[in-house]
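The values are calculated or read from the model by the stated rules, or taken from the named source; none is laboratory data. Predicted, not measured: the structure shown is a model, and the values here were computed from it. FYI the Cβ positions are ideal-geometry reconstructions off the backbone, even for glycines, and counts take in every protein chain you see.
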Amino acid sequence: MTGMKLEAEIIYDSYLPDALQQALDYAGDDGFVASMPQLLHARANASYDNIIWNTWFTSNSEESVLTTPQGQRVVVAVHGGGIFATPERFRKLFQADVSRFCDLGFTGLFAGKIIASEAHDMLDGKLADGSEIPVFPFDEFKRGVHDLPHRYAIVIDFETARKSLNGYHGFDDLKDDPMMIVRAGGVDAAAAYLDKARNRRDTGVMGNWHPFNTINPEQAQTRVPILAGNEGGAGTEEDDGHLVGYDSEYGMGGDSSIHNSSMINIARYVAVAPRDVSTSVRYLPF
């Protein structure tokens, strides 16, 4: 038994910076921490009894609201790690002064504040860790981009994002929804996931949440969207506000509620890395 094989590991910690550090350590230089499109792709290709469907996950994706140097308000989604790609940046957020005048603390609705230089560098595809990533306008991204890398950004007009479906909606409606397309990694990827999710329990709706109708868009800010999951797949058709727990599911998103924003400490990442099959007991014929 020889060769390399990608292996995934669930990394959970009650302190998000430590969870991210452990996930990055597992991934190493040749692996990655799963973004929202990668989590959805894994679900679309997994059986329903797999753990990927049966609990929630923190994505290695982020959605930032900012104003461009030209004065346009936009949402920038980064998959694979953006401004908050490092544990150190999260620690700055968690340890910041709680004063509303602090530039690096939480907003009143629990997003992470970002400064202009971070925002504008991200629009140019330049990140604090020295990485440069491709940045796609939403219209181009919706038409389809071949061979997407693990790490990239999409820029969507704020008003388009704000008018995206928010809450529980039908699967066919979500297939053409801008934020669903952004989060899934494209039109085809969104359709594949939504079909698989609908067929799990033959449900009629799924939750897809965003904060863009409730926040102050003048404050540059970032949220990390999370992917809900639950044992059995029930709960998506009973909207009591936001369903949480292992017996219910609210879908996906990064809105302005505390329990639906993974900027608040707790985290469950999936880290993926190549491993030498010949050195692992996992594949031995016991």
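Brief remarks on what is shown
- Any hit, region 154-165, residues being closer than 17 Å to S35 by Cα, within 18 Å of the chain's Cα centre (by Cα), touching a residue at least 12 places away in the same chain (Cβ under 8 Å) and not in a loop (DSSP other than H, G, I, E, B): yes
- Sole exception among (1) free of Cβ contacts under 8 Å to residues at least 60 places away in the same chain; (2) closer than 20 Å to D255 by Cβ; (3) surrounded by fewer than 16 Cβ atoms within 10 Å (Cβ to Cβ); (4) not small (G, A, S) for W209, by number: (3)
- Number of the exception - S61 against (1) of a type in the set (S, T, N, Q); (2) within 18 Å of the chain's Cα centre (by Cα); (3) within 14 Å of A197 (Cα to Cα); (4) modelled with pLDDT of 95 or more: (3)
- Here I10 meets each of (1) touching a residue at least 24 places away in the same chain (Cβ under 8 Å); (2) farther than 15 Å from I226 by Cα with one exception, condition (2).
- When restricted to residues that are surrounded by fewer than 21 Cβ atoms within 10 Å (Cβ to Cβ), small (G, A, S) and farther than 20 Å from R282 by Cα, region 1-27 contains 1.
- Any chance P274 is part of a strand (DSSP E or B) and either modelled with pLDDT under 75 or surrounded by 14 or more Cβ atoms within 10 Å (Cβ to Cβ) (or both): yes
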